[in-house]
Amino acid sequence: MGSFRGHALPGSFYIVTSLWWLANVYRIHSKHLTGAAIPFKPCTWFPIPVKWLRDHPIEPAIRIFILTVGIFLELVPENSWVLVGNGDEFVEKHLNNYAHAAMYAVFMIWSVVETLQFYKITQLPTCSEHVFGSIALFVEGMLFFFHLEGRPKLDQLLHSILYIIVFMSALVMLLEAWMKNSFLLQVIRSSLFLLQGNWFLQIAHSLHGSRPWKNTKTNREFVSIVFAWHIIGVLLLIMLGFVAISIKSRGCHCRPTRNSPSLEEIEVHRICDVDFAERRSLMDEQE
């Protein structure tokens, strides 16, 4: 990934994936606001809204294809599969290829598990896909963490922020397996994937763009400011999306409506597993 293309391609992949997830999250939210009784189902992928494709795991299949091509391009051209060169020493350049191939492979295993679970070929517990996805993200973060030795400080700082995002994504996905049916965690996971994709593009621009940044103290300090801007941009996008969905579904109201329980209320019930009506009645009896 030590090139503009090597960072821009995975960044674009993460951005497209996150936007696809967010589009489906907004769709679920919109149907809920209009009073449609649709059950929220924990998932790591969404069906394609085409009649003859919606009953098949197209998203994992696309992921498997892209990752297979990625592994091939990492190991086959220029004999990159040769791990040990002359003198029984590792070929340093090829180690990077193997690291990238390992990262692609673990994400492909996740996608294969999604497919096998869909067709009930494997009988794993519910939300096992989330656990495998969390493991894939952990491996990605681990590879980035140990990928920085000997690099300039600016390079290390940019990639350090990246693996922090990746580890946070792994944690959120693991929490999804525990807190099943959590709409909020799915929104957070989609947001983190978007942030990761944006930061991949930022690294491509900063290190491999037409005017690469110099490894200076001021540039290193500016990195944290740029990262804050990326976070603000993602938060604004998420917020504006939900505002637009709410206005489209209910119109522009200054006061909340009570046509249906809010997703936040449902979230509290699911996470805490508390019947607020019973609690209130018990408190009234005690008084």
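See the values below:
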| quantity | calculated |
| --- | --- |
| Qualifying position, being of a type outside the set (Phe, Trp, Tyr) and over 21 Å from GLU59 (Cα atoms), among LEU124, LEU174, LEU143, LEU116 | LEU143 |
| Qualifying residue in the range 165-176 (condition: free of Cβ contacts under 8 Å to residues at least 24 places away in the same chain, of a type in the set (Asp, Glu) and farther than 16 Å from GLY11 by Cβ) | no |
| Per-region count, the range 137-152, residues within 21 Å of LEU201 (Cβ to Cβ) and either in a helix (DSSP H, G or I) or basic (Lys, Arg) (or both) | 7 |
| Criterion violated by ILE66 - all others in (1) farther than 30 Å from GLN156 by Cβ; (2) out of contact with any Leu (no Cβ under 9 Å at 6 or more places or on another chain) satisfied | (1) |
| Selection status of SER182, polar (S, T, N, Q) and in contact (Cβ under 8 Å) with a residue 40 or more places away in the chain | yes |
| Any pair with Cβ under 6 angstrom, 6 or more apart, that starts in the range 92-121 at a residue that is free of Cβ contacts under 8 Å to residues at least 60 places away in the same chain and β-branched (Val, Ile, Thr) and ends at one that is surrounded by 17 or more Cβ atoms within 10 Å (Cβ to Cβ) and assigned to a helix (DSSP H, G or I) | VAL106/ALA136; VAL106/VAL139; VAL113/GLU129; VAL113/PHE132; THR115/PRO60 |
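Yes/no matrix, rows are residues, columns are (1) surrounded by 15 or more Cβ atoms within 10 Å (Cβ to Cβ); (2) more than 29 Å from ASN24 (Cβ to Cβ); (3) in contact with a strand residue (DSSP E or B) (Cβ under 8 Å, 6 or more places away or on another chain); (4) at pLDDT 95 or above:
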| position | (1), (2), (3), (4) |
| --- | --- |
| ILE203 | yes, no, no, yes |
| HIS208 | yes, yes, no, no |
| ILE225 | no, yes, no, yes |
| MET239 | no, no, no, yes |
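The values are calculated or read from the model by the stated rules, or taken from the named source; none is laboratory data. Predicted model, so just to flag it, every value in this text is computed and none were measured. Cβ: placed from backbone, ideal geometry, glycine included. Neighbour counts: every protein chain shown.
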